[in-house]
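**Q** I'd like to ask you about the structure that follows.
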Amino acid sequence: MDSVFKRARQFSREIAAPMALHIEREIRRAPTNKEPVWEFVRAAGKAGLLSLTIPKKFGGGGYSWATCVILFEELCSVCTGLGNIIGGHYLGMFVMRNTFSLARTAEVFREIVANETSIKPVLLASAMTEPSVGSDHTEVGLWESARPQSEARPVEGGYILNGRKQFISCGRLSTYHLVFMSTDRKNYMDSMATFLMRSDAKGFSFGRDEKKMGQLATPATEMIYEDCFVDESNRLTPYFGPIAKKTTDFMGFTRLLIGAMATGAARGAYERALTFARDTTVRGEVLVNHQWAQMVLGDMYMNVLISRAAVQEGFFSDVNHGMNKMFLPAKRNGYRRKQIIDGVLTAGASQFGSDLLQQRKMRHSVGKAIGWVMDHAGLNTPIMNTFTSTAKAKCSDLAMMNANLGIDLMGSFGLRQDEGMEKILRDIKLLQIYEGTNEICTFGVFQRIVADHDFGIRMWSKSQ
């Protein structure tokens, strides 16, 4: 873990930091030119930062997902947009791993490792948001209000996908993307499935990239599906059982990673303000020696500490109650979860296992087996989602507070683009919105912790 921290910090300061403002200017000047962004991705690949959590049996670093918390804070302390490129990629890997689609996961993970130092590394993206479905897609309690227009229609040998996704981070950069669609819009909540698709598939195309206020380095792309055929083997979620119903539990961990990104952004605002205060003289005295400036900087530093503590608490909750508990060595009821999961992954990664898992009946059996393990693993996703949603919402709020304090401290200098503080504020605003708005996170916390224990409370419904 310490080696990852050192590698991430060195990369962020020596490679990412000098690139950040340059990439932002180039994107403003020529929005369709992604070469500056690819320069960053190639540098990240050469530093080994695209495969840290891929199991060693597939050629990756074999690190736990705790490394993502470290990596994202370090990257986002210099640029949240660049951090989100890597974040979107790891989100895709996290979704793939948690679908337990063994053969396809092994194939894609090995391709990521094989191309990590190539001229065009393999990146993943996850496509969930639609023009008619936003944050209500990320919270189970609001699914009834969602109005999805996309659909994956079952046909012989696979599915025909039609619809649009939008605001997909890293969409245009991705070699593969994981698209969430229901196989029956009338039964949306119970028919949600995840499909793996190459971005050069017939019937699929990229639409426009959104003109956002912040995180310009990360393209937010429209994804268009027009009679796009997906083979049966590329449906990643099982056909029944608890795994399919846990699709939105992925959001628990991804919100935690947004909290880590926000912690990095809050730290970046503090560090930039501190540097300015050390280098600036006001009324014959270095700014950092003024008492009022010390109070502001002290407040900003405390916000970073509180934010980091919330992320650590969220991760602790995840490994004790969430999906990551499945991948920790623990003996329960006479078996070891990690050994079972690792054994299934290894079998699925073999050629024999891969061929066997192409059979629907066998995939059903494996889904049942893993579902049984999940049922007996003592997962408590409502508790986990409560802590991770809290981390996402409050860390991004604290980061926004730091950006505002930094601009106040710097005065008119804070408004200049070349100083970088106004960029931090614009970048942070997006963290308060995607992966479920902070208001949606707050609603979910209340619903899971308060309303579920008080039958006198009337929750919001789609009729209101």
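The values are calculated or read from the model by the stated rules, or taken from the named source; none is laboratory data. Everything numeric here is computed off the predicted structure, so don't read it as measured data. Cβ sites come from the backbone with ideal geometry, for glycine too, and all protein chains shown count toward neighbours.
**Q** Among the residues of segment 252-296, which ones are assigned to a strand (DSSP E or B) and under 25 Å from Lys394 (Cβ atoms)?
**A** none
**Q** Being under 19 Å from the mean Cα position of the chain (by Cα), charged (D, E, K, R) and surrounded by fewer than 24 Cβ atoms within 10 Å (Cβ to Cβ) narrows it down to one residue among Glu111, Glu130, Glu116; which is it?
**A** Just a single option satisfies the conditions, and that option is Glu130.
**Q** A further question follows. Which count do you get for residues in segment 427-464 that are modelled with pLDDT under 60 and small (Gly, Ala, Ser)?
**A** Qualifying residue count, segment 427-464: 3.
**Q** Sticking with this structure for a sec: Find the residue count for segment 405-424, including only residues that are free of Cβ contacts under 8 Å to residues at least 60 places away in the same chain and among the aliphatic types (A, V, I, L, M).
**A** Adding up the residues that qualify gives 2.
**Q** A follow-up question, please. For segment 282-295, indicate whether the set of residues that are crowded, with 16+ Cβ neighbours inside 10 Å and closer than 23 Å to Phe387 by Cβ is non-empty.
**A** No - not one qualifying residue is present in segment 282-295.
**Q** Report, by residue number, each residue of segment 1-16 that is closer than 10 Å to Ile70 by Cβ and acidic (Asp, Glu).
**A** Scanning segment 1-16 gives a single hit, Asp2.
**Q** Return yes when Lys186 is over 21 Å from the mean Cα position of the chain (by Cα), under 19 Å from Pro148 (Cα atoms) and basic (Lys, Arg) and no when it is not.
**A** Taking the combined requirement at face value, the residue satisfies it.
**Q** Mind listing whichever residues of segment 296-334 are of a type in the set (Gly, Ala, Ser) and at pLDDT below 90?
**A** Passing the criteria: Gly314, Ser317, Gly322, Ala330, Gly334.
This table checks each residue for (1) farther than 25 Å from Gly214 by Cα; (2) in a loop (DSSP other than H, G, I, E, B).
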| site | (1), (2) |
| --- | --- |
| Leu71 | no, no |
| Leu75 | no, no |
| Val78 | no, yes |
| Leu82 | no, no |
| Ile86 | no, no |
| Leu91 | no, no |
| Val95 | yes, no |
| Ile112 | yes, no |
| Ala125 | no, no |
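**Q** Need the failing condition index for Leu82 against (1) surrounded by 22 or more Cβ atoms within 10 Å (Cβ to Cβ); (2) over 13 Å from Thr218 (Cα atoms), just the number.
**A** Every listed condition holds for Leu82 apart from (2).
**Q** Give the number of residues within segment 191-212 that are of a type outside the set (Gly, Ala, Ser), in a loop (DSSP other than H, G, I, E, B) and touching a strand residue (DSSP E or B) at 6+ places or on another chain (Cβ under 8 Å).
**A** So the count comes out to 3.
**Q** Shifting gears a bit: Those residues that are in a loop (DSSP other than H, G, I, E, B) and modelled with pLDDT under 95, I need them from segment 24-47; list them, please.
**A** Of everything in segment 24-47, those that are in a loop (DSSP other than H, G, I, E, B) and modelled with pLDDT under 95 turn out to be Ala30, Pro31, Thr32, Asn33, Lys34.
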